[in-house]
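**Q** Before I ask anything, let me first share the structure, which is written out below as structure tokens.
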Amino acid sequence: MILEKIKPYLSYMRKYRREMTIGIVALLFADLAGLSIPWLLKMVVDELPNNPSDADLLGFSGILLAIATLQGLSRFGWRQYLFGTSRKVEFDISNHLFSHFLSLNKSWFQKQKIGDLMSRATNDLRAVRDFVGLGFLILVDCTVIIVSCVGLMLWINPSLTLVALIPLPALSILFWKYLPEIGIRHEIVQKHLSKITSHVQENLSGIRVIHAFAQEEAEKQKFDELNKVYIHKNLNVTRLFGVFTPALSLTVGLAAMISLWVGGEAVIAKEMTLGSFVAFNGYLLMLSWPMMGIGFIVNLTQKGQAAMGRIQEIFLAKSDIVDDENTVNTIRKFKGDIEFRDLSFSYSESDKLNLCDINLKIPSGQILAVVGVIGSGKSSLVQLIPRLYEVADDSLFIGGHSIRKIPLSVLRDNIGYVDQEPYLFSATLRENIIFGKDGVSNDVVDDVVRKSGLLADLNRFPDGLETVIGERGVSLSGGQIQRVALARSLLLRPKILVLDDAFSSLDAETEDNILKNIREFTSGITTVMVSHRLTAVRKADRIILINDGQILEDGTHDELLHLDGKYAQTYKNQALAMEMEITLQ
Amino acid sequence: MSELHQESLTDRYRDWVLLKRLVVYLKPYRTLVLLAVFFLFCVSILSLSGPYLTKIAIDDYIAVSNLEGLNQIALIYLVVLGVAFICQFVQTYLMQYIGQKVMYDLRTETFAHMHRMSFKFFDNNPIGKLITRVVNDVEVLNEMLTSGLILVFSDLFILVGIFSMMFYLEWKMALVVCLVFPLLYLATWAYRVRARDALRKNRAHITRLNSFLEENLSGMSTVQIFNKENSHENKFRDTNKDKIDEDLRSVYYNAIYLPSIDFFSALGIALVIWYGGGKFVQDQIQLGVLVAFLQYLQKFFEPIRDLAEKFNIIQTAIASAERTFELLDTPEDIVDSHSSQPMKRFRGEVEFQNVWFYYKKGEYVINMRRESGDHLLVDRLTYNFRKPNRGEIIVFETKNITGIQNDLFYIKRLAGLPNEKIRIGDDRHLVINDKRLDASDHPFELLYSFDVAEEIPLAQDSRFSGHVNQKVFQQVLDERRKTVARQNGVDPSRIQMSYAGNISPNFIDGSHEFQIPQNRYLALGDNTVSSKDSRDWGSLPAKNIFGKASFIYWPFLGQKHRTRPNRFGWAFQ
């Protein structure tokens, strides 16, 4: 069970087997040196009644210092090599984890809470590191010390050893009964901390919404409750731990008491020398650390194992959207025509089909507008084009190739996709715009800035294009974010441009201007745009109206008006509303 | 960029100051803290009694073959162990309890503080970093309070106790052992400086790494669509490399310092053997004293080693405390509108209802929406000498007013003063403390100059239409719906008003009374059928008032595409 969880991580350690071997050898030397010190003291104490000379005493001191030096050096060795290695293992795992995150697809991320993922990538990873470094060290250290101490004690006085060790089985009871329970409770605490993290994360991300709806107090209340529960759960652990630690000292103390009592009698009865008695007590004292160490290691294992399980869950998640054996690597570019062939689609968890039997051919260079009410499937349809979600084989063709045959990087290099709520990074405006392409000239950047209608906004920013924008670009308005995202995609000079309700935050006038610019810029580029504003789409080459996952109407603006169906009806309503807005101003 | 934006590596707070501040959080629990310290003291004393009992056993009983006395000592030992067990349990539980409580207080405070920050603050501070503050840093502080700080007390007790015992047993030998301490001090000092530096840098890198991770997790599909996987992987690796370098530096310092303590311990033992052995040979000390010394010396270096291990915890905690307090100390208001240079006449460029305002700490960079706004002069002088009067046109910030975007400037007419009761009558007149305002009240002459007899008009310039409550607004709306329907030849019910219906939740109808709280004002727009004002979002705090609007200086000519008339030169009355 434990081994199974550790197994995937062994390969990370294997990489550093040389360092780890050095570390273990150093550890063994350190233990050896540590064990010889009580023995040396025994010799001293036994020698003392024989009136040793000053030179003898100096000799003992010298030997002791020599041993101590060896011990110090070996301790340096194992710290450097075992702890250092555990940091390196952590480094490797976190790099690997990050690469793995990069490979997972949108549907997976939608099911996760970012706070939880963060907690796994930080807190859990730390637990794994401690397990690998500290846990491994203690395991070796404890085994060596327990075995040698008990061995030496038996050598000095077997019967005394047996009596003195009587309390020790109590330790095993403590370990097997208490520690698993502590582990379980600890895991509960960790999980709860991850909840708190999520709550903070959600609060901070949505701070504007929370304030807009005056939900601060409610959120504080929720946070307060989470924290109170957290205290409670922590104290649950403490109650057990509070018994556990003193019980360890008690057990060790009892052993020392017995040794003093029974050993004292043995010395009085001349069954052993005073020196042996001192050494015996020394070894007994040395045993107390590994006794606690066992507790420590069990604890570390519990935590580490739970953490490994949680991290492994991420590693086991696999994206279905990857290049595989069906990928034709020779496809390096493609034309801009798109064909949906009997395509049906649903987000994995829902049974309901979001798109049903879509048949649609978009010739290269066409500007296609997709309209429909919220939830009709517009966005689902266009999100399939950059392969954000997976579709059945041979149901979607880009440039004549089935989308699953096109290498992912080639596909995405040639498709520009602008979201309704685009994500911008905490970087300068320029860095955000040239995000998808390296080594672009300033002229090109200026050009896309102009075409996206950002020029006027730039004057308003203190440092123009070099203005650093806050996380998620929140110091920009929704419309500005959308235009930066547009510039970012235009810069790629894609074959296909997908605008997924990309101008929802712009006023009609600006949207009109931008569309005019794009039209000029995108001649020859297939453009698929989703919009709610029908006045904006009427100049498109072709309009389709989606309803309930199916294409209901298909044609130019004039054709659809003539058809006098749903499109015509909605268009008239919207036109009327616009007119009224103007009168009302 | 605010100070917080860049992870600062400099000492912003002295350790001592930080410690004092942390102690403040312990104050509410001082009885418990005292109790915990008391129990700690007991545990320490009891743990010191072992070697002393051993010494008595050896010198007084074993050496003279006194079996009875030995039994007695064993019994005392047993009692000591039992008491120590109980004390240790109580102390552990108490400390955890206090730690959890303090952590709870700190977390609640940080969280609440975060909610009071302006949005600008969140623009300048990545979420990942703030999460670390509220969750992880506070957690580390708890670790410091429980296992760190208070255990230092116990370790100090033990150190002092051992010192006293050694001097009590044999002061000359104790002095000899003291030779080790200058070395110990030097080593500790050298370690402290370096380890601290490494640890701080490490923390800064961790924060950077976490922010980057958080951003990437949130914006993953953007990263993927733009094929940025490889470059971001490299960037992560580089940051991670910076972090591990500091990590390894810390490990290295520990690897040198901690074994050196063991070496000093051995040095102490060697000194005892050499000096104490000699004295024993000369019959100047007893064997039991020698053994007790050896045991005490072993125990003596345990707390020192402990202190060093805890030093890491404490260093981490100090860094965490620093950042937590830094966050708590970040003022809630980034710019105080009345602060800098109140005597200077401020030339603000304010758009009608919307101003774009970008600020860094302490400086103004004002920009505006050229395409749609009127620009006006704001008098920031007058209100330094007197309070605003009713009817004056004021410009105010929307900061901290719930229900509207918080980083704008609004311009409205001041309608209600603090503590007043106010109604909007169905006849479109304000009623203040039961007194109805009309056209004879300056400066409401124009505002109340509308013709009541006329059927509710589609006022092109709605400056002259009084004040409208929700009920009247509804009537206006219905009227307009009918008009539009008539013009378009459709049934009125088919017309959807895109215009929001709930303009005045605070004044439902003529009988609805609004009590203005202390230090707050009520502001209403003159364009009363479409203004988003106090009728919607309530009163505004006095400190939000930016100044008195004087006159529009831009644009000279009317604007194209605008339905509004040219208003150049309009003075606000």
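The values are calculated or read from the model by the stated rules, or taken from the named source; none is laboratory data. Keep in mind it's a predicted model, so treat the numbers as computed, not measured. For neighbour counting, all protein chains shown are included, and Cβ atoms are generated from backbone atoms with ideal geometry for every residue, glycine included.
**Q** Go through the residues of the stretch A:35-47 one by one and say whether even a single one is under 46 Å from the mean Cα position of the chain (by Cα) and farther than 30 Å from A:ARG310 by Cβ. Walk me through how you get there before you give the answer.
**A** The first filter runs over the stretch A:35-47 and keeps only residues under 46 Å from the mean Cα position of the chain (by Cα), leaving A:35.
Applying the additional criterion that residues be farther than 30 Å from A:ARG310 by Cβ yields A:35.
Yes: one or more hits.
**Q** Would you please list the contacts, defined by Cβ atoms under 6 Å and residues six or more apart or on different chains, that run from a residue in the stretch B:287-305 that is farther than 15 Å from B:SER164 by Cα to a residue that is at pLDDT 80 or above and of a type in the set (Lys, Arg)?
**A** B:GLY288/B:LYS55
**Q** In the list A:LEU168, A:LEU179, which residue meets the criterion of being out of contact with any Pro (no Cβ under 7 Å at 6 or more places or on another chain), at pLDDT below 85, more than 11 Å from chain B (Cβ to nearest Cβ) and crowded, with 20+ Cβ neighbours inside 10 Å?
**A** Exactly one residue qualifies, and that residue is A:LEU179.
**Q** Looking only at the stretch A:24-64, filter to residues that are of a type in the set (D, E, K, R) and modelled with pLDDT under 90; which one of those is farthest from A:SER86 (Cα to Cα)? Working first, answer last.
**A** Filtering the stretch A:24-64 down to residues of a type in the set (D, E, K, R) leaves A:31, A:42, A:46-47, A:54, A:56.
Still in the running and modelled with pLDDT under 90: A:42, A:46-47, A:54, A:56.
Values: A:LYS42: 38, A:ASP46: 44, A:GLU47: 45, A:ASP54: 47, A:ASP56: 44 Å.
Checked the stretch A:24-64; the qualifying residue farthest from A:SER86 (Cα to Cα) is A:ASP54.
**Q** Restricted to the stretch A:492-548, and to residues that are over 16 Å from A:VAL371 (Cβ atoms) and in contact with a helix residue (DSSP H, G or I) (Cβ under 6 Å, 6 or more places away or on another chain), which residue is surrounded by the most Cβ atoms within 10 Å (Cβ to Cβ)?
**A** A:LEU506
**Q** Return yes or no: is B:PHE122 free of Cβ contacts under 8 Å to residues at least 12 places away in the same chain and within 8 Å of chain A (Cβ to nearest Cβ)? Write out each step before concluding.
**A** Working: free of Cβ contacts under 8 Å to residues at least 12 places away in the same chain: yes; within 8 Å of chain A (Cβ to nearest Cβ): yes.
It is true that B:PHE122 is free of Cβ contacts under 8 Å to residues at least 12 places away in the same chain and within 8 Å of chain A (Cβ to nearest Cβ).
**Q** Ok, one more. Would you say A:PRO158 is within 12 Å of chain B (Cβ to nearest Cβ), closer than 30 Å to B:ALA74 by Cα and surrounded by fewer than 20 Cβ atoms within 10 Å (Cβ to Cβ)? Walk me through it before giving the result.
**A** Details: within 12 Å of chain B (Cβ to nearest Cβ): no; closer than 30 Å to B:ALA74 by Cα: yes; surrounded by fewer than 20 Cβ atoms within 10 Å (Cβ to Cβ): yes.
So A:PRO158 fails the test.
**Q** Another question, if that's okay. Just one of (1) more than 18 Å from A:ALA170 (Cβ to Cβ); (2) crowded, with 22+ Cβ neighbours inside 10 Å; (3) at the interface with another protein chain (Cβ under 9 Å from one of its Cβ atoms) trips up A:TYR283, so point out which.
**A** (3)
**Q** Further, regarding this structure: Return the residue satisfying two criteria in turn: it lies in the stretch B:194-247 and is aromatic (Phe, Trp, Tyr) and within 8 Å of chain A (Cβ to nearest Cβ), and of such residues it is farthest from the chain's Cα centre (by Cα). Talk me through it step by step, then tell me what you get.
**A** Of the stretch B:194-247, the ones aromatic (Phe, Trp, Tyr) are B:212, B:226, B:236.
Filter once more, keeping what is within 8 Å of chain A (Cβ to nearest Cβ): B:226, B:236.
Numbers: B:PHE226: 36, B:PHE236: 28 Å.
For the stretch B:194-247, the residue satisfying everything is B:PHE226.
**Q** Taking the criterion of being assigned to a loop (DSSP other than H, G, I, E, B) and modelled with pLDDT of 75 or more, would at least one residue in the stretch B:540-556 satisfy it? Step through it out loud before you land on a result.
**A** Our first condition is that a residue be assigned to a loop (DSSP other than H, G, I, E, B); within the stretch B:540-556, this holds for B:555-556.
Remaining after also requiring modelled with pLDDT of 75 or more: none.
Looking through the stretch B:540-556, none of the residues is assigned to a loop (DSSP other than H, G, I, E, B) and modelled with pLDDT of 75 or more.
**Q** Here is a further query. List the helices (runs of 4 or more DSSP H) inside the stretch A:155-253, counting only whole elements, that have at least 2 residues being within 30 Å of B:HIS113 (Cβ to Cβ).
**A** Details: elements: A:158-164, A:169-173, A:179-205, A:207-212.
Hits in the stretch A:155-253: A:179-205, A:207-212.
**Q** Among the residues of the stretch B:138-188, write down those that are within 14 Å of chain A (Cβ to nearest Cβ), more than 29 Å from the chain's Cα centre (by Cα) and modelled with pLDDT under 80.
**A** Of everything in the stretch B:138-188, just one residue is within 14 Å of chain A (Cβ to nearest Cβ), more than 29 Å from the chain's Cα centre (by Cα) and modelled with pLDDT under 80, namely B:SER154.
**Q** Condition (residue is facing chain B (nearest Cβ under 7 Å) and either of a type outside the set (Asp, Glu) or within 30 Å of A:ASN105 (Cβ to Cβ) (or both)) applied to the stretch A:270-280: is it met by at least one residue?
**A** Let us first name the residues in the stretch A:270-280 that are facing chain B (nearest Cβ under 7 Å), namely A:274, A:278.
Narrowing further to those that are either of a type outside the set (Asp, Glu) or within 30 Å of A:ASN105 (Cβ to Cβ) (or both): A:274, A:278.
Yes, the stretch A:270-280 has at least one match.
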